[in-house]
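The values are calculated or read from the model by the stated rules, or taken from the named source; none is laboratory data. Small disclaimer: the values here were computed from a predicted structure and weren't measured. Note that we place each Cβ from the backbone using ideal geometry, even for glycine, and neighbour counts take in every protein chain shown.
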Amino acid sequence: MKKADRTEKGKTKTNKTTGTAAEKIDFTNPAYYTNRELSWVEFDSRVLGEAADVTNPLFERLKFLSIVSSNLDEFVMVRMGSLSDMIHAGVTKTDIAGMTPKQQLSAVSEEVHRLVAEQYRILNTELLPALEQERLHLVGPAEKLSDADQKFCHEYFESNVYPVLTPMAVDSSRPFPLIRNRSLNIGALVSKKDGHAELEFATVQVPDVLPRIVELPTRERGQRRVILLETLVRQHMDQLFLNYDIVCASPYRITRNGDMTIDEDETEDLLKEIEKQIKMRQRGEAIRLEVDATMDKRLLKFLKKELDIHEAEIYRIDGPLDLTVCMKIYALEGYERLKQAKYTPQMVPELPDGCDIFAQIRKGDILMHHPYQSFQPVVDFIRQAAQDPDVLAIKQTLYRVSGNSPIIAALAIAAENGKQVTVLVELKARFDEEHNIVWARMLEKAGCHVIYGLMGLKTHSKITLVVRREEDGIRRYVHLGTGNYNDSTAKLYTDLGLLTCSEAIGEDATAVFNMLSGYSEPKLWNRLILAPLWMKERFLYLIRREQQYALEGHKAEIKAKMNSLCDQDIIAALYEASAAGVQIDLVVRGICCLQVGIPGVSENIRVRSIVGTFLEHSRIFYFRNDENPEVFCGSADWMTRNLDRRVEIIFPIEDEKLKAEVMHVLELELEDNRKASELQPCGREYVKVRRGRKAVLSQDIFCREAIAKAKAAAKPLPQESRTFTPQTSSGR
């Protein structure tokens with residue numbers, strides 16, 4: 001069978017029956033792609049959909065509303081900030097969807113405005129009334145308080161808030177102050193009490209070191225009532241500017257460009273340069289101004305001028321600014337019945353508490369599915385290695401870790417115990433840079449050899465290597481994962497991890513760390529697939545292999561799960577495979593630049609996204625391979641940054657039993673008909689799946705399965721019954 005010829009710009013569609021070229025299709029046609037930023041906004045719309053979903057417990061809906069706000073903050077700082085930088089630099093190059101940076105920013109801004117408006121519609125028309133029905137009332141800024149409440153608020157302000165505040169006036173001797181990125185502020189126009197009519201600007205930052213919600217001690221009509229800190233500050237502005245009359249006062253919040261650009265070739269000390277860039281985030285260009293919808297026009301005009309903000313960058317908000325405050329409400333005690341029942345991660349059957357982890361791994365590879373199964377075995381793996389006298393070395397990559405990381409503590413103990421400890425701490429992990437600098441210095445102080453990543457690349461791979469001396473020689477134990485070594489997020493993110501002492505993978509793991517620490521790329525690799533070396537080429541080969549099977553009349557399938565899909569080369573290869581007859585099913589949580597249902601291009605591709613209690617984070621890749629299926633997991637999405645600009649690892653699942661378990665994860669998520677949404681043909685709209693009488697909620701099923709496995713493993717093995725027969729003189 002003759003393979004399809006390839007052109008520089010497009011691919012030749014080949015007739016599956018005759019193998020002859022039928023027509024030329026340009027699989028890189030921008031019309032076949034969705035802009036990644038618009039796709040991201042669509043993902044956040046799906047998250048917001050969970051806030052609107054009345055089948056979710058009320059407080060969970062508040063949590064999703066908060067998540068949307070947090071997501072938007074990062075999106076504005078990084079993605080919209082990056083587009084703004086490109087526009088300033090005069091960049092006119094189009095993206096894979098054929099849009100210039102200016103076109104992208106305009107389209108994205110419009111969509112974000114729409115998303116924010118929907119956020120506050122849900123808050124004001126659905127969630128706040130629902131809270132009222134539960135006798136929980138959020139006091140509004142214009143609401144009149146009783147004398148008792150006013151007395152409490154005044155005393156609380158005087159005792160707790162006033163000493164922390166720093167009121168700032170702007171006049172000829174005092175310039176406009178630095179307004180911190182994402183800080184909540186109260187702006188005011190004031191006039192002197194001496195009769196001088198000229199209006200002056202004054203501002204005060206609402207302190208983020210104090211609780212944002214304050215509960216009032218008195219109850220009206222049996223209601224529990226809370227007031228926001230900014231409302232308290234606003235009510236007491238006259239006490240901050242004693243010689244002035246407050247003409248108007250209103251909350252505002254700015255977001256600054258947080259996209260960090262570092263020229264590593266010109267940087268002698270990466271750690272110091274990143275510390276400097278972190279400080280610069282507070283002084284970056286203001287690219288979003290959120291204001292109360294009722295703000296006085298004169299006050300808004302002043303802010304707009306001083307911050308050099310354009311009209312499209314102003315968000316007039318009908319409600320509290322920064323809805324991450326919803327998580328503060330979520331944290332209130334006494335409302336457990338309005339929340340999702342807490343799930344406790346279950347034990348991994350192969351790794352019971354107190355076991356010899358190394359002995360268990362020697363019995364066979366161990367697969368862990370977090371957060372359904374506990375992350376504790378991963379922590380114990382490092383802890384046991386730190387204390388084991390036979391362990392010679394521990395090597396690990398760290399991208400994001402928790403605030404009080406037990407893994408960091410174990411690595412420090414290992415170094416103090418005289419083991420060779422090498423840790424790659426990725427300083428360029430966005431918004432965790434400062435955090436990681438602290439950990440890097442602590443590890444260095446403990447005696448660990450710390451590497452700050454590779455020049456020009458982020459190290460995003462999740463790998464730990466333990467080298468142990470045993471009776472039959474040196475043995476290498478390896479942990480590979482799809483998620484970070486973060487014991488906190490491991491309770492919220494769905495990830496897969498593999499513990500193995502495979503000799504082939506152990507050799508590859510050693511090669512990985514030698515490459516990271518010594519810049520030496522080995523000539524041969526056994527099992528691990530690395531980016532940016534050849535991961536993209538390997539994926540393209542696997543996709544095209546399925547395409548060839550389809551052309552030859554064999555059944556061909558690709559199933560994959562990831563966070564994002566936006567690499568043009570991968571998408572074009574998927575389009576070509578689909579055109580050849582390959583059945584492709586994708587679970588893509590967030591960004592998806594691929595379009596489904598394009599005639600002759602993507603009719604055999606289906607894409608779904610799952611937004612549930614846990615954040616879908618694992619990456620799984622399945623290729624049918626003519627009835628000899630290959631299954632891979634790893635740290636990389638099908639994004640250009642992962643494949644070309646990061647150190648990533650994809651690892652094979654070779655044990656047949658574990659391969660079946662991984663495929664079960666993929667298959668069940670493809671059957672989910674409660675939390676899954678499907679991408680609609682020729683666009684970026686998703687529609688919630690509601691097919692079948694039987695509800696399939698994959699995350700709930702994984703929880704139940706993990707509980708059942710743990711219970712089965714905890715049962716004592718049945719004792720074999722034995723009968724003792726006394727020997728008689730005749731019995732021999």
Residue satisfying all of: in the range 531-549; in contact (Cβ under 8 Å) with a residue 60 or more places away in the chain and outside any helix (DSSP H, G or I); farthest from ASP644 (Cα to Cα) among these: ALA531
Kindly check whether there is at least one residue in the range 363-383 that is buried (at least 20 other Cβ atoms within 10 Å of the Cβ), in the same structural domain as THR231 (by TED's automatic domain parsing), part of a helix (DSSP H, G or I) and over 21 Å from the mean Cα position of the chain (by Cα). no
For GLU200, which of the numbered conditions (1) under 40 Å from the mean Cα position of the chain (by Cα); (2) at pLDDT 90 or above fails to hold? (1)
Looking at ARG624, ARG619, which is the one that is assigned by TED's automatic domain parsing to the domain that holds ARG690 and buried (at least 21 other Cβ atoms within 10 Å of the Cβ)? ARG619
For the range 302-320, enumerate the residues that are free of Cβ contacts under 8 Å to residues at least 24 places away in the same chain, of a type outside the set (Lys, Arg) and outside any loop (DSSP other than H, G, I, E, B). GLU311
Residue hits (the range 287-301; surrounded by fewer than 19 Cβ atoms within 10 Å (Cβ to Cβ) and either in contact with a helix residue (DSSP H, G or I) (Cβ under 7 Å, 6 or more places away or on another chain) or assigned to a helix (DSSP H, G or I) (or both)) are LYS297, ARG298, LYS301
Residue that is farthest from GLU667 (Cα to Cα), among those in the range 550-572 that are small (Gly, Ala, Ser) and in a loop (DSSP other than H, G, I, E, B): GLY553
I'm checking my understanding of the structure. Among residues of the range 402-425 that are at pLDDT below 95 and of a type in the set (S, T, N, Q), which one is nearest to the chain's Cα centre (by Cα)? SER402
Inside the range 615-699, counting only strands (runs of 3 or more DSSP E) that do not spill past its ends, which hold 3 or more residues that are in contact with a Ser or Thr (Cβ under 9 Å, 6 or more places away or on another chain) and touching a residue at least 24 places away in the same chain (Cβ under 8 Å)? 646-652, 676-679
Residues in the range 517-530: is at least one out of contact with any helix residue (DSSP H, G or I) (no Cβ under 9 Å at 6 or more places or on another chain), over 16 Å from ARG619 (Cβ atoms) and in contact (Cβ under 8 Å) with a residue 40 or more places away in the chain? yes
Options ILE278, ILE314; residue that is at pLDDT 95 or above and in contact with a helix residue (DSSP H, G or I) (Cβ under 8 Å, 6 or more places away or on another chain): ILE314
Out of everything in the range 384-404 that is farther than 16 Å from TYR477 by Cβ and either small (Gly, Ala, Ser) or touching a helix residue (DSSP H, G or I) at 6+ places or on another chain (Cβ under 9 Å) (or both), what residue ends up being surrounded by the fewest Cβ atoms within 10 Å (Cβ to Cβ)? GLY403
Members of the range 442-467 found to be surrounded by fewer than 17 Cβ atoms within 10 Å (Cβ to Cβ) and touching a residue at least 40 places away in the same chain (Cβ under 8 Å), listed by number: HIS449, MET455, GLY456
The condition of being buried (at least 20 other Cβ atoms within 10 Å of the Cβ), at negative phi, in contact with a helix residue (DSSP H, G or I) (Cβ under 8 Å, 6 or more places away or on another chain) and assigned to a strand (DSSP E or B) holds, among LEU138, LEU72, LEU131, LEU105, only for LEU138
Might you check whether a residue that is more than 30 Å from LEU216 (Cβ to Cβ), in contact with a helix residue (DSSP H, G or I) (Cβ under 9 Å, 6 or more places away or on another chain), free of Cβ contacts under 8 Å to residues at least 40 places away in the same chain and crowded, with 20+ Cβ neighbours inside 10 Å occurs anywhere in the range 79-91? no
I'd like to know if the range 180-201 contains one or more residues that are touching a Pro at 6+ places or on another chain (Cβ under 6 Å) and either aliphatic (A, V, I, L, M) or not in a loop (DSSP other than H, G, I, E, B) (or both). yes
Does ALA713 satisfy being modelled with pLDDT of 75 or more, out of contact with any Leu (no Cβ under 6 Å at 6 or more places or on another chain) and over 21 Å from GLU669 (Cβ atoms)? yes
Answer residue from the range 468-500, given it is of a type in the set (A, V, I, L, M, F, W, C) and in contact (Cβ under 8 Å) with a residue 60 or more places away in the chain and is surrounded by the fewest Cβ atoms within 10 Å (Cβ to Cβ) among those: ILE474
When you check GLU143 against the structure, is it free of Cβ contacts under 8 Å to residues at least 40 places away in the same chain, under 13 Å from VAL233 (Cα atoms) and not hydroxyl-bearing (Ser, Thr, Tyr), yes or no? no
